[in-house]
Amino acid sequence: MFYFTRSHMIDLMIDFAKLIFIPRKWRPDIVRVSTLPNGVRVATRRTLLDPTTNIIALVGAGSRDEVVGDYPRGVAHFFEHMFFRGSYKLTQGEEKFTSGEVEQKIHMLGGTISAATAPDKTRYMVSVPTKGVAQALSCLSSIVCRPTLAEAETESERLIILTEWLETQMSVDDTQNWRMWQTAYGNSPLMQSPLGTEKTILSIQRQDLLDFHRAKYWGGNTVVVVEGPVNHDAIVSQLKKEFTLPSGNKEAVSFPSYSGGYYASPEGGRGVRVKLGFNGSGQDSPDVQATYSMLADILAGGKDSILYRTLRSKQSLVYNVSCDNSSALRLLDISFNTFAENVKPCLEIISSTLNDLMVGVDLELIQRKKAAASLAYRISSTHSKRGVYDMAHFLLMEGKVPPRDYDTRRYLSVTPEAIQASIGRMLEKPPTLVVAGNTSHVPAYEDVCQMFSAANRPASAATVPSLGNTPR
C-alpha cells in the first residue's frame, strides 16, 4: 500500500514551483558554471530549504605532481597542512589571518573546515550556515591563494605531520593498501603515499612549499563548487576579487602502467591478511567505472555477494571478504583475513568464480544490486558533502557538471556483457598479491599468476565484447 506523506507533498510543491513560479536561474538544482578571468571554474547548485551550504575548492595537484620538479616526497601534503597556519587576507596589504584564526572563524559561524591530499588532487572544504557563505569564501580564498608559510609555523606543523605518518605506519590497513598500490605499479614514484617518509618530511623546507605552490596551484587546474541556497552571480563576483591564483595550468603527469607483482610481510601467528588486486585500466571512462563498480558489488558487496556466500557461508574459510574498486588508482582488489592454510583454497575459489562469471552472470543478482543502488540514491540524493565533491571532481576532470544521478544512471545501465568484458580485461595482466602474517602456505606467485591467467578461461568465454560498449 502506498502512503502519501509530507515529504511527497513537499516534492510535488517544489516540482510545481520549478515549472510555474521560479525563474529558471533560481530554480532548485539548477547548476550554473562560470569561468573567472584567471581560469578558475566556479559552479553552483542552488537548493532550497537547506540550512547549510557546502563549499569546496579542488586543486588538480597532489602527491603525484612532486615527481615533476623533483620536490621532496610529501611536500603536497605538507602544504595542505599549512592552510590552518596563517594566510594573507587580501592581495594588497599585509593584513593576515593568524595561525588557527581561519579554523576558529569558521567554527564561530557554526561550520566545519577540512582538507585532504590525494595522489592527483587536493581538496579544501567548508560547510557553514548559509548566512556565513561570504565570510567562508573569503577564508577559503585566503588559505588556497595566499598562504604565509611562516618559518616558525612550518616547524610546528612538521611535528604534527610526523605524528600522522607514525599513525599510518601503525595501521595495518593503511600500510597494506599502499603496499598494494606500489606493487601493482612497479614501485612507481607516482604511487607513493602522499605523506612521504620520515626522512623526506624532516627535509622539507619553507622554500619547497613556496615553490610547490607557485608551480602547481594555477587557475586552470582549480575549481570552486558551492551547493546551497546561494546566488551564483554574487559568488562569482566575490571570487573574482579574492580567488587570486595566477592564470595558466601545471605540467601534466601521465598515469603509470600497471605491472602486477607480489609483496609479503611475514609475521608470526596463524593468521594472514590477503589483498588480491587486478588491472582496472579503462576507468577513465565513466561507463567502464560503473561496470567495475558493479563487478565489485557482485563479487563481495554484501552478504548476498558471490564470494561472501562461497568463502564464508558455505566453506567457512573467512570471517569477511570485501572488494573495492578504485577508479582513481585503476585497481580492483579483493581483501580477506584467514588462517594460513586457507589462502590457497580461497584463491582457487576466487579464480573459479571469475571463470564462472565469464560464462554467465546471475541476472537476478544484478537486478538486486541495481535496486539497492537506486534506493541508496533516493535516500542520499539530498544536499550532501559527497555530492558537492562529486560535482567538483567532474568539473575538474571533465570540464562539466553532470546531473546529480549521473553515476547511478550509468550503474543501472551496466549489462552482463560489459561485466564479462571487464573480467577479460582484468585477466589480461598478472594479478597483484600482497600478504601480511603467516606466509608459510601462500602459493608461489607464479602459481597464482597461472590461476588467473587467460589460459585458464573457459572455452565458452573465449570472446567477449570490448569495454566501452555499455549502453547509456
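Computed from the coordinates by the stated procedures, all read-outs in this text should not be read as laboratory data. Everything quoted here is computed from the prediction, not taken from an experiment. Positions of Cβ are generated from backbone atoms using ideal geometry, with glycine treated the same way; all protein chains shown enter the neighbour counts.
Based on alpha carbons, the Rg and Dmax found for segment 113-179 are 15.8, 45 Å.
Working value for segment 22-242: equivalent-ellipsoid semi-axes of 32, 20, 17 Å, each the square root of 5 times a Cα gyration tensor eigenvalue, largest first. Taking each residue as 0.36 nm, the span from residue 237 to residue 211 lengthens on full extension beyond its C-alpha to C-alpha distance by 6.5 nm.
For segment 261-461, the spread of Cα coordinates along the three principal axes comes to 50, 39, 30 Å, biggest extent given first. With the dipole of segment 261-461 worked out from charges on the C-beta (+1 for Lys and Arg, -1 for Asp and Glu) around the Cα centre, which of 436, 376, 300 lies farthest toward the positive end? Ranked along the dipole, the leading option is 376.
Rounding to the nearest 10 and keeping the result within 0 to 90°, find how far the Cα-based axis of helix 385-398 lies from the longest principal axis of the chain. Long axis of 385-398 versus the principal axis of the chain: about 90 degrees. What is the angle, in °, between the Cα long axis of helix 206-216 and the longest principal axis of the Cα atoms in the chain? Nearest 10 is fine, range 0 to 90. In the chain, helix 206-216 runs at an angle near 80 degrees to the longest axis.
Considering only alpha-carbon pairs that sit under 8 angstrom and 6 or more positions apart, the relative contact order computed for the chain is 19 percent. In a DSSP loop and with at most 15 other Cβ atoms within 10 Å, the GluC sites (Glu not before Pro) in segment 70-147 are 94, 95. The helix-only estimate of mean residue ellipticity at 222 nm for the chain, built from DSSP H runs of length n ≥ 4 each weighted as -39500 (n - 2.57), is -12500 deg cm²/dmol after division by the residue total. Between the helical axis of 151-170 and the longest alpha-carbon principal axis of the chain there is an angle of about 20 degrees. Would you work out which of 194, 205, 219 lies farthest towards the positive end of the dipole of segment 179-254? Charges go on Cβ: Lys and Arg +1, Asp and Glu -1. Value computed over the given set: 205. Normalising by residue count, the chain has a Cα convex hull of 168 Å³ per residue. Highest mean first, the peptides 132-138, 171-177, 82-88 sorted by other C-beta atoms within 10 Å per residue fall in the order 82-88, 132-138, 171-177.
Taken about its Cα centre, the chain carries a charge dipole of about 1400 debye when Lys and Arg each add +1 at the Cβ and Asp and Glu each add -1 at the Cβ.
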